[in-house]
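For reference, the structure discussed in these notes is given below.
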Amino acid sequence: SIDGEVYPGIIKEKAAAQNEYDSAVSQGQSAGLVKITDRKLEQFHVSVSIAAASKVTFELIYEELLKRQLGKYELLIKVRPKQLVKHFQIDVHIFEPQGIHFLETDSTFMTNELTEALTTVQNETKAHILFKPTLDQQKKNSELDETLLNGDFVVRYDVKREATAGDIQIVNGYFVHYFAPQEMPMLPKNVIFVIDRSGSMTGRKIEQTRDALLKILQDLHREDHFSFITFNNKVVEWKSFLLPATEENVASAAAFVQTLTARGGTHISGALLTAVGVLEKAEGLPERSVSMIILLTDGQPTSGERNVEVIQENVQKAINGKYALFCLGFGFDVSYKFLEKMALRNGGIARRIYENADPALQLQGFYQEVATPILMQIEMQYPENSIEGLTKNNFKLFFEGSEIIVSGKISDELDLLPVEIKAQSHMSNLTLKEEANVKEKEQVFQNQRYIFGNFIERLWAYLSIQQLLEKAISAPEEDQKALEAQVLDLSLRYSFVTPFTSMVVTKPQQQEELANKPTEAG
């Protein structure tokens, strides 16, 4: 807003947005630019430029799809005003038609005085959290103007889940299907930890890795089988076969983990192919079990095969769809794109481990997410002729505490939306069925004024964009362009900031030229 006039940001193709911003800045005008630097849409970069002697207010509104992890949704709000704020308030409204199962707030900076500024009101399906500290409540002490507000404010909750086949929500002809089965027996897992102990892991990194692995060993279930492979320029197998997670074997593995030291090169290729070999020749494993390889590395391949494309090809050929590969990249020297591509091609995911934020906790947290597989080969089926633009509906694995989300557009003439879910559980093949009455479901959101009117259509667009970007990572080069063009089209149509678009806000051209060059703040 400039002088009471509001100028909305517009989503444009990345280069066009940058040009418009640069041009406004060079003419000394007020402007703003929001872009992202990574495929992960949660991290964005804001540049603003203020014309001389003018007052400008920038207001940024964003939407986020909360991801269910370890049995809960978490809304994380970073609170770092770095000064006392006259009117400070966090206002959270929650509406969940299935009902709220539990709700809690947490924060890293709460004091007794600040707790008085927090109120929570909750009924069956709605909750309202208000945090509104006065200037005095914000102060560290009465003499100094220093603020207590410095850290994270977190809201955690989960919804009630009655229907076994999940919950369907419908708004304006678009549906979203949330599937998170509970209380199912765990599938035993066969897991090989492939650990980098090259020279760059020396010091804190290898210590934190040891700490995390010792805790992870305690979390193995008795029905699991496991082994370790460590690598620098040599690949060393703790055992050349998988062992059941008995007390003795876990203790023996813990003793081995404590001897881990770091030096030498990085033979990623040899280590992964050795891990696949161990799984290939494994005998006596439970008939229905999940086999996975978890790789932790902090660097580029420097020993053995060094060409990342050749490594990706060889690993994919060896795994051949039979096992899931999870890649953890430690720090920022690692080639994260290489790890992500390899994980996505082999039914897993990649995760970056940040050195400055308790890596041992992050490693354990990641392991807990994949520690309890309960379903394999999940297929979510909908009537083919009545659904358009269906997002991904086949999933290799489902882990306890997470959630599968599928969305699409329903054709106008459909009154009932039938859903069939097929999956393999520990004991049997499952088929779950559900039928949603389209008109009834549409009615649920009619009177919720604070939920965005077309939020399910936007959720569908968001999932489609995320999945196309993910596909593009592991797609052959000739297909990448077509996938990227689809992302650009959806991003422009639904106003999303993605790797191909940015949001730019400028004041329409004025006649008078402003002499002073503004400063840039990023």
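Exactly one of these conditions fails for residue 183: (1) charged (D, E, K, R); (2) open to solvent by 70 Å² or more (accessible area, probe 1.4 Å); (3) more than 30 Å from residue 213 (Cβ to Cβ). Give me its number.
Unmet for residue 183, out of (1) charged (D, E, K, R); (2) open to solvent by 70 Å² or more (accessible area, probe 1.4 Å); (3) more than 30 Å from residue 213 (Cβ to Cβ): (3).
Regarding residue 148, is this residue aliphatic (A, V, I, L, M), without any contact (Cβ under 8 Å) to a residue 24 or more places away in the chain and farther than 30 Å from residue 387 by Cα?
Against the criterion (aliphatic (A, V, I, L, M), without any contact (Cβ under 8 Å) to a residue 24 or more places away in the chain and farther than 30 Å from residue 387 by Cα), residue 148 does not qualify.
Just wondering, is there one or more residues in the stretch 298-319 that are closer than 24 Å to residue 425 by Cβ, surrounded by fewer than 16 Cβ atoms within 10 Å (Cβ to Cβ), touching a residue at least 40 places away in the same chain (Cβ under 8 Å) and in the same structural domain as residue 357 (by the TED database)?
Narrowing the stretch 298-319 to residues closer than 24 Å to residue 425 by Cβ: 319.
Going one step further and asking which of them are surrounded by fewer than 16 Cβ atoms within 10 Å (Cβ to Cβ), we end up with none.
No, the stretch 298-319 contains no residue that is closer than 24 Å to residue 425 by Cβ, surrounded by fewer than 16 Cβ atoms within 10 Å (Cβ to Cβ), touching a residue at least 40 places away in the same chain (Cβ under 8 Å) and in the same structural domain as residue 357 (by the TED database).
For the stretch 118-192, please list each of the strands (runs of 3 or more DSSP E) lying entirely inside it that holds at least 1 residues being closer than 30 Å to residue 373 by Cα. Working first, answer last.
Working: elements: 118-122, 126-131, 151-159, 167-171, 174-179.
Strands (runs of 3 or more DSSP E) meeting the threshold: 151-159, 167-171, 174-179.
Of all residues in the stretch 161-195, which are modelled with pLDDT under 95, touching a strand residue (DSSP E or B) at 6+ places or on another chain (Cβ under 8 Å) and among the charged types (D, E, K, R)?
161, 167
Assess whether residue 211 counts as being in the same structural domain as residue 194 (by the TED database) and open to solvent by 50 Å² or more (accessible area, probe 1.4 Å). First the steps, then the outcome.
Numbers: in the same structural domain as residue 194 (by the TED database): yes; open to solvent by 50 Å² or more (accessible area, probe 1.4 Å): yes.
Taking the combined requirement at face value, the residue satisfies it.
For the stretch 298-395, please list each of the helices (runs of 4 or more DSSP H) lying entirely inside it that holds at least 3 residues being under 17 Å from the mean Cα position of the chain (by Cα) and at pLDDT 90 or above.
Per the criteria, 336-345, 359-370.
Right, residue 446: open to solvent by 70 Å² or more (accessible area, probe 1.4 Å), outside the structural domain of residue 339 (by the TED database), touching a helix residue (DSSP H, G or I) at 6+ places or on another chain (Cβ under 6 Å) and outside any strand (DSSP E or B) or not?
Here the answer is no, as residue 446 does not meet what is asked.
Restricting the search to the stretch 406-423, which residues are closer than 15 Å to residue 180 by Cα and either loosely packed, with under 15 Cβ neighbours inside 10 Å or not small (Gly, Ala, Ser) (or both)?
Matches in the stretch 406-423: 406, 419, 420, 421, 422.
Within the stretch 232-262, work out how many residues are surrounded by 13 or more Cβ atoms within 10 Å (Cβ to Cβ) and not aromatic (Phe, Trp, Tyr).
19
For residue 261, are the conditions met, namely being touching a residue at least 40 places away in the same chain (Cβ under 8 Å), in a loop (DSSP other than H, G, I, E, B), within 25 Å of residue 357 (Cβ to Cβ) and out of contact with any Asp or Glu (no Cβ under 8 Å at 6 or more places or on another chain)?
Answer is yes for this residue.
Scan the stretch 410-444 residue by residue and report those that are touching a Gly at 6+ places or on another chain (Cβ under 8 Å) and over 19 Å from residue 161 (Cβ atoms).
Passing the criteria: 410, 412.
Just one of 201, 186 is within 13 Å of residue 330 (Cα to Cα), among the hydrophobic types (A, V, I, L, M, F, W, C) and touching a residue at least 12 places away in the same chain (Cβ under 8 Å); which is it?
Answer to the check: 201.
Return the total of residues in the stretch 52-101 being assigned to a loop (DSSP other than H, G, I, E, B), open to solvent by 40 Å² or more (accessible area, probe 1.4 Å), in contact with a helix residue (DSSP H, G or I) (Cβ under 8 Å, 6 or more places away or on another chain) and closer than 28 Å to residue 122 by Cβ.
Number of matching residues: 4.
The values are calculated or read from the model by the stated rules, or taken from the named source; none is laboratory data. Predicted, not measured: the structure shown is a model, and the values here were computed from it. Cβ: placed from backbone, ideal geometry, glycine included. Neighbour counts: every protein chain shown. Heads up: the accessible areas ignore ligands, DNA and RNA and are worked out on the full protein's heavy atoms, side chains in. Shrake-Rupley method; radii C 1.70, N 1.55, O 1.52, S 1.80 Å.
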